[in-house]
Amino acid sequence: MRRVQSGQSAPFMVNPLAGQLGGAPFKYFADWTDRIAQGELPHATPPRPQGMERNLVITEWDWGLPDKYLHDLISSDKRQPTVNANGKLYGSPEYSTDELPILDPATNTVTSFHAPVRDSEMPLSLGDGHAATLEPVMPSAYWGDRQIWDTRVNNHNMMVDRKGRVWLTASVRGLDNPAFCKEGSDHPSAKLFPLKQSRRQLAMLDPTTMKYTFVDTCFETHHLQFGFDKDDTLWTSGGGPVVGWLDTKVFDETGDAAKAQGWTALVLDANGNGKRDAAVEPDQPVDPQKDKRIPGGFYAIMPSPVDGSVWGTVGVFAGKGAVVRLDPGANPPATALAEVYNVPLPGFGPRGADIDSKGVVWVSLGSGHLGSFDRRKCKGPLNGPEAIGDQCPEGWTFYQYPGPGFAGIGDNSAEASYYTWVDQHNTLGLGNDVPISTGNENDALLALVDGKWVVLRVPYPLSFYAKGLDGRIDDANAGWKGRGVWTTSGDRTPWLKEGGKGTVPIAFHFQLRPNPLAD
């Protein structure tokens, strides 16, 4: 128990283990430690690479600092992965620092950019309301009682647009929202759902000038993805009861963040009349004469390339796990309608998710499965008083992850994938629309190809743990050498990996040769 009391993440380890799980994990971890000390080996032997797994080429670069960590990286525009070809990559250090690492793979050089905030006197983005504490709860065996994380910007995630600019979910000021966000404002979204506070907003870095632009949003942000519309709308998750967006075309033309942004509550068409009406609240029973608001809390965010809808995962940290479809309508703050599809057993525990070019959603599940949801398979009504979550189990398909499972409970996988990304444009070479999950218990990326798993394992250093990935085509005419998938080590403690203290975050480039000996 003492181990998980160390450092600035202690409450987020201790509280679930001792609280929700009643302390049981401490018993199991202690027993596991004793058995390892006595020489016990895992009950399952990892298989050696088979078939196309033997064609894997991984290139690694050290980047970042030994007492910091990275959450994600970005290399290109997901919609058009030839953007920023052969260009630099940008890392998101989340709670650890405001120094954003920049890797130039063409020259094998690493630099950094110090991300600023608009209000230099704002407090650190640590403590209450954040997933990291201001100071260590107990001293670390590696860093003592040092405060090693010290961010204000708290950059969680990045995306690249068609112009090669880097957009960030990042704090730009303190907690209190501007007046235009709040009750009494004439902003179209604030009239319907005013917002008092936000901890993280948006920013944009232009690599050609290194100009950093603040984009103050009323809604909180977490992940972000560009839509497929003419306005290059940037959709965000993490808004709590709302989903927020930025019309980047309007922002480019006016520089007016208030004018360019909007947000909406998530409202089910519970009365089935096809339009948005007055709604009962999440804690109130369904009224067949009204719509129903659901709590929201998008974790993943994924605009559909098919029909203009926007999908997200909900119930990631509490409540019923589900995917939600949001149809913005003509005037999204007032017309957006949601549909919610609960994850049925044997699946549970959704986290990161993505969407393919046909509109099928692929989601990492804590049950040890990759889940797919295809709305086209739904047989019953998708709105009305009965369509409040359990209306389309036939839309779900589950694929058990590879890797060993927990003993004594039958066939299962202990894999707890953090995120799934869909390779819509064959950037890796396994085909279009291949879902790739972070194999966090497999030291791998896990690609599902024609219903079968391809395990892309990182042999060194051990304990590869990714939280996201991105694909880029540097030269479409250069065969396997001109394309690949990028990711970074996303664990919060690089010093616990093979190599120990002094190990820094690593950028990984995954590529597939046509055969193991191909040039």
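Where a number appears in this text, it was derived from the coordinates with a stated rule and is not lab data. All figures in this text were calculated on a predicted structure; none of them were measured in a lab. Cβ coordinates were reconstructed from backbone atoms using ideal geometry, including for glycine residues, and neighbour counts include every protein chain displayed.
At a glance:
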item: Relative frequency of Cα-Cα separations exceeding 17 Å in the stretch 277-364, percent; result: 51 percent
item: Sorted peptide list for 24-35, 242-253, criterion being average Cβ within 10 angstrom, highest first; result: 242-253, 24-35
item: Rh by Kirkwood over Cα pairs, then Stokes-Einstein D for the stretch 1-57 at 1.567 mPa s and 4 °C, µm²/s; result: 90 µm²/s
item: Separation between Cα centres of the stretch 437-470 and the stretch 1-21, rounded to whole Å; result: 27 Å
item: Burial ordering of Glu220, Glu40, fewest other beta-carbon atoms within 10 Å first; result: Glu40, Glu220
item: Under 17 Å from Lys377, Cα to Cα: aspartates and glutamates that are on another chain or at least 8 residues apart; result: Asp307, Glu339, Asp356, Asp390, Glu394
item: Which of Val485, Gly255, Ser75, positive extreme of dipole for the chain (C-beta unit charges); result: Val485
item: Summed side-chain charge close to Thr33 - residues other than Thr33 whose Cβ falls under 13 Å, Lys, Arg +1, Asp, Glu -1; result: +1
item: Whole-number D in µm²/s for the stretch 190-249 (Stokes-Einstein; Kirkwood sum over Cα pairs; 20 °C, 1.002 mPa s); result: 171 µm²/s
item: Dimensionless Rg over Rh [the stretch 58-147; C-alpha; Kirkwood]; result: 1.04
item: Cα-derived Rg to Rh of the stretch 16-106, Kirkwood definition; result: 1.13
item: Residue-averaged 222 nm ellipticity for the chain, from DSSP H runs of 4+ at -39500 (n - 2.57), nearest 500; result: -2000 deg cm²/dmol
item: Globularity ratio of the stretch 336-375, using Cα Rg and 2.2 N^0.38 Å; result: 1.18
item: Cα-centred dipole magnitude for the stretch 437-482, charges only on beta-carbon of K, R (+1) and D, E (-1), debye, nearest 20; result: 40 debye
item: Hull volume in cubic angstrom per residue (convex hull over the Cα atoms of the stretch 130-208); result: 150 Å³
item: Relative frequency of Cα-Cα separations exceeding 25 Å in the stretch 304-430, percent; result: 28 percent
item: Among the listed pairs Lys88/Lys481; Lys68/Lys501; Lys78/Lys379; Lys182/Lys259; Lys78/Lys481; Lys78/Lys497, those beyond 22 Å (Cα-Cα); result: Lys78/Lys379; Lys78/Lys497
item: In order through the stretch 289-301: 3J(HN,Hα) via Karplus (6.51 cos²θ - 1.76 cosθ + 1.60), integer Hz, x for Gly, Pro; result: 8, 10, 7, 9, 7, 10, x, x, x, 3, 9, 7, 9
item: Per-selection metrics, the stretch 391-519 (Cα): Rg and Dmax in Å; result: 16.2, 52
item: Cα-based convex hull, the chain, per residue volume (Å³, whole number); result: 158 Å³
item: Calculated log₁₀ intensity ratio I(q)/I(0) where the Debye formula runs over C-alpha points of the stretch 238-294, q = 0.19, 0.24, 0.29, 0.30 Å⁻¹; result: -0.70, -0.85, -1.04, -1.08
item: Sorted peptide list for 453-460, 383-390, criterion being average Cβ within 10 angstrom, highest first; result: 453-460, 383-390
item: Dipole of the stretch 1-142 [Lys/Arg +1, Asp/Glu -1 at C-beta], most positive-end residue of Gly39, Val57, Val4; result: Gly39
item: Segments 225-232, 274-281 sorted - mean Cβ within 10 Å per residue, highest first; result: 225-232, 274-281
